[in-house]
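Participant: I have a structure here, written as structure tokens, and I will follow up with some questions on it.
The values are calculated or read from the model by the stated rules, or taken from the named source; none is laboratory data. Nothing here was measured: the structure is a model prediction, and the numbers come from that model. Counting neighbours? That spans all protein chains shown, and the Cβs are built from the backbone with ideal geometry, glycine included. When the accessible area is computed, the model is the full protein with side chains, heavy atoms only, and any ligands, DNA or RNA have been set aside. Shrake-Rupley method; radii C 1.70, N 1.55, O 1.52, S 1.80 Å.
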Amino acid sequence: MDRQVAVYFLVGTNTASSYLNFCIMDSMQQLSLNVPDTVKLRVVVIGGGFGGVAAVKHLDSRLFQVVLFDKHNYNSFWPLLYQVATAGLQAEAIAGPLRREFNQKKDFHFRPLKVQSVDVQANTLHTQAGDLSYDYLIIANGSKSNYFGNKSMQQYAFGLKSIPDALNLRSQLIQAFERAVLTSDLAERARILTIVLVGAGPTGVETAGALAELRKYVLPKDYPTIDFSQMKIYLLDGLDRVLPPMSVKASEKAHRYLEKMGVIIRTNTLVDSYDGAVVKLKSGEEIQSYSVIWSAGVTGDILQGLPPEWAEKGRLLTDENCRIIGSKNIFAIGDIAAMKTTAYPKGHPGLAQPAMQMGTYLGKNMQALHLGENVKPFKYFDKGSLATVGRGKAVADLPGKLHFGGRIAWYIWLFVHISFLISFRNKLLVFVNWMWNYFTFDKANRLIIRPYVRKGDAVAQEVFLENEEG
Ligand SMILES: Cc1cc2nc3c(=O)[nH]c(=O)nc-3n(C[C@H](O)[C@H](O)[C@H](O)COP(=O)(O)OP(=O)(O)OC[C@H]3O[C@@H](n4cnc5c(N)ncnc54)[C@H](O)[C@@H]3O)c2cc1C
């Protein structure tokens with residue numbers, strides 16, 4: 001009998017759970033990492049994001065065997081994730097297979113596995129497919145959404161930290177527009193259409209702008225019977241301005257652009273709870289909303305087994321060579337790392353550039369660090385920050401206290417984002433999509449390919465999931 005079928009038959013009984021355990025253990029026993037033994041030093045990298053990829057690129061395969069682990073088999077370009085969620089880009093445009101990226105690299109081994117824990121005494125890490133020893137370990141596993149302990153938000157709001165998150169949100173939004181057509185209750189329709197973004201950092205601001213454009217240019221043509229003045233877009237933040245990591249000038253400009261586009265901005269506003277229908281603010285005010293997007297911050301994901309004293313506020317403390325303080329052979333780069341320097345006393349900002357620059361630095365200097373040579377400390381070159389709000393509207397803080405807004409900043413934003421995409425294919429896909437969006441005022445990826453049903457959402461279950469059956 002097919003093993004999976006057998007499990008379905010038996011689920012629900014004691015025999016079933018022992019059989020299920022047996023099947024899992026049986027299949028685990030068949031898995032093996034199959035990383036060849038080597039006489040070279042083995043460098044293991046955890047995470048194929050901005051930092052990990054840069055490190056692998058610069059590690060010399062003549063000197064090191066390089067093993068990369070990532071939960072996914074692709075690398076994603078997070079700065080454009082919100083465009084996947086708002087139907088501007090397809091997921092494939094912002095992601096590329098990690099194997100393709102390194103198919104020319106010698107003695108390189110990729111395994112699409114989550115690293116579950118690290119045994120720092122035995123220099124070994126654990127995965128579902130077995131253990132692997134390392135001579136050097138580079139931790140580049142990034143960050144996860146930080147809900148600041150707000151359980152209701154964690155349960156009901158949409159995070160925007162991965163491609164599955166973006167596809168879930170896209171389905172939710174398009175399903176909401178379809179549901180709005182299916183109800184005659186105007187108050188319910190307004191609730192279904194209302195979107196609340198919590199967190200007015202770059203992700204919140206860019207997503208709010210993209211939604212406002214969708215509401216202005218695209219949705220009225222698709223749904224001529226709906227009055228889109230009922231679709232409210234709220235952008236909330238606990239601080240006193242949008243884009244807090246950017247300059248006050250950039251923040252004020254972005255605020256003006258968003259307001260002009262009809263986004264309702266509430267700063268100094270803290271969220272209390274959300275139950276899938278109503279957002280309660282700490283002030284006591286309530287906002288009826290079917291879709292809440294959480295973009296209020298991230299925190300590091302400290303791997304199990306790492307001594308707690310290595311971490312501070314969810315990040316691993318490193319010296320200026322990216323080496324974890326307290327370890328000889330474990331390094332941390334990117335979002336997970338806190339390298340406190342005079343210029344960055346709290347560690348570098350959680351951005352793509354520090355991660356890439358740390359990865360490049362470490363990859364290039366690994367041999368010298370191994371030999372115990374004196375290696376110049378890492379120095380971050382800040383290339384500036386950008387955020388876009390919509391067509392022809394962006395803000396840029398560039399080195400030398402240069403600030404731009406409007407169309408010039410938008411062109412810089414377009415150019416920078418295209419140039420940092422991982423492959424030529426991604427650049428081309430994004431460019432073609434953007435040209436299409438620009439000239440047609442359309443966002444063509446409005447597809448419910450994999451319906452999303454939030455736990456307890458009986459209507460979505462009935463309307464969208466049951467469509468898929470039979
Ligand atoms: C929506 C969004 C928008 C952003 N916009 C911008 C922007 O406009 N500009 C900017 O500079 N920065 C932006 N950032 C921040 C930037 O993307 C991060 O600072 C950067 O990705 C950090 O790089 P990293 O290598 O540390 O981590 P990541 O690039 O996040 O890579 C971490 C990798 O580790 C993998 N991983 C995690 N845990 C494990 C595990 N246990 N085992 C195996 N693999 C694991 C993940 O799958 C992932 O591939 C944005 C981030 C997000 C989420």
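Participant: As a check on your grasp of the helix formula, calculate [θ] at 222 nm for the chain: sum -39500 (n - 2.57) over DSSP H runs of n ≥ 4, divide by the residue count, round to the nearest 500.
Facilitator: So the helix-based figure for the chain works out to -10000 deg cm²/dmol.
Participant: To continue, here is another question. Could you work out how much longer the chain between residue 325 and residue 33 gets when fully extended? Use 0.36 nm per residue separation minus the Cα distance between them, nm to one decimal.
Facilitator: Difference between extended and current length: 102.2 nm.
Participant: Okay, moving on. I want the local charge near residue 466. Using Cβ-Cβ distances under 15 Å, sum +1 for each Lys or Arg and -1 for each Asp or Glu among the other residues.
Facilitator: Every neighbour counted, the sum reads -3.
Participant: So, one more: Once you place label points 7 Å from the Cα toward the Cβ at residue 461 and residue 411, how far apart are they in nm?
Facilitator: Taking the simple label geometry, residue 461 and residue 411 are separated by 5.4 nm.
Participant: Now a separate question. Kindly write out, for the stretch 383-400 in residue order, the coupling ³J(HN,Hα) from the Karplus curve 6.51 cos²θ - 1.76 cosθ + 1.60 (θ = phi - 60°), rounded to whole Hz, with x marking Gly and Pro.
Facilitator: Karplus values, whole Hz, x for Gly and Pro: 8, x, 10, 9, 8, 10, 10, x, 4, x, 10, 8, 10, 9, 10, 10, x, x.
Participant: Sticking with this one: Relative contact order for the chain: what is it in percent, counting Cα pairs under 8 Å that are at least 6 residues apart?
Facilitator: Once divided by the residue count of the chain, the mean separation gives 19 percent.
Participant: Residue 376 to residue 469: FRET efficiency via 1/(1 + (r/R0)^6), r the Cβ-Cβ distance, R0 60 Å, to the nearest 0.05?
Facilitator: 0.45
Participant: If contacts are Cα pairs under 8 angstrom and at least 6 residues apart, what is the relative contact order of the stretch 292-438 in percent?
Facilitator: 12
Participant: Right, here's the next one. Between residue 41 and residue 425, 0.36 nm times their residue separation minus their Cα-Cα distance comes to what?
Facilitator: 134.9 nm
Participant: Please report the antiparallel percentage of the DSSP beta bridges confined to the chain, to the nearest 5.
Facilitator: Antiparallel bridges make up about 50 percent of those DSSP assigns within the chain.
Participant: At most 10 other Cβ atoms within 10 Å plus a DSSP loop assignment makes a site exposed; report the longest stretch of the chain without any exposed GluC sites (Glu not before Pro).
Facilitator: Longest stretch, sites excluded: 1-372.
Participant: What is the spin-label model distance, in nm, from residue 367 to residue 184 if the labels are put 7 Å beyond Cα along the C-beta direction?
Facilitator: It is 7.7 nm.
Participant: Given a cut-off of 25 Å, name the pairs among 379/401; 161/328; 232/260; 105/161 whose C-alpha atoms lie farther apart than that in the structure shown.
Facilitator: Listed pairs above 25 Å: 161/328; 105/161.
Participant: Something else: Which residues in the stretch 247-268 have a backbone N closer than 12 Å to a point placed 7 Å from the Cα of residue 240 along the Cα-to-Cβ line?
Facilitator: Residues 268 fall inside that zone.
Participant: Could you give the nm distance between label points at residue 106 and residue 301, where each point is 7 Å from its Cα heading toward the beta carbon?
Facilitator: Taking the two extended label points, one gets 3.4 nm.
Participant: Counting just the Cα atoms, what span does the stretch 303-394 cover along each of its three principal axes? Round to the nearest Å and put the largest first.
Facilitator: Cα extents, longest axis first: 50, 28, 24 Å.
Participant: A further question on this structure: Heads up, I need the accessible area for residue 449: 1.4 angstrom probe, whole protein in place, Å², nearest 10.
Facilitator: 120
Participant: Something else: State log₁₀ I(q)/I(0) for the stretch 256-313 at q = 0.12, 0.15 Å⁻¹ as given by the Debye formula over alpha-carbon point scatterers of equal weight, solvent excluded.
Facilitator: -0.52, -0.68
Participant: Another question, then. Give me a comma-separated list of calculated 3J(HN,Hα) values for the stretch 406-422, in order, Karplus coefficients 6.51, -1.76, 1.60 applied at θ = phi - 60°, integers in Hz, x for any Gly or Pro.
Facilitator: x, 5, 4, 4, 5, 5, 4, 4, 4, 5, 4, 5, 5, 5, 8, 5, 5
Participant: HN-Hα J couplings of the stretch 361-377 from phi, Karplus 6.51/-1.76/1.60, θ = phi - 60°, integer Hz, Gly and Pro as x?
Facilitator: Each residue's phi maps through the Karplus curve to give 4, 5, x, 5, 9, 4, 4, 5, 5, 4, 7, x, 6, 7, 10, 4, x Hz.
Participant: Additional query: Based on the Cα gyration tensor of the chain, what are the three equivalent ellipsoid semi-axes, each the root of five times an eigenvalue, rounded to whole Å and given largest first?
Facilitator: 38, 30, 21
Participant: Carbon and sulfur: what percent of the chain's accessible surface (1.4 Å probe)?
Facilitator: That share works out to 55 percent.
Participant: Farthest toward the dipole's positive end in the stretch 349-419, which of 414, 392, 371, given Cβ charges of +1 (Lys, Arg) and -1 (Asp, Glu) about the Cα centre?
Facilitator: The residue sitting farthest along the positive end of the dipole is 392.
Participant: What length, rounded to one decimal in nm, is gained on full extension from residue 273 through to residue 151, with 0.36 nm per residue of separation minus their alpha-carbon distance?
Facilitator: 43.1 nm
Participant: Which whole-number percentage describes the relative contact order of the stretch 297-358, with Cα contacts under 8 Å and a sequence gap of 6 or more?
Facilitator: About 25 percent, as a whole number.
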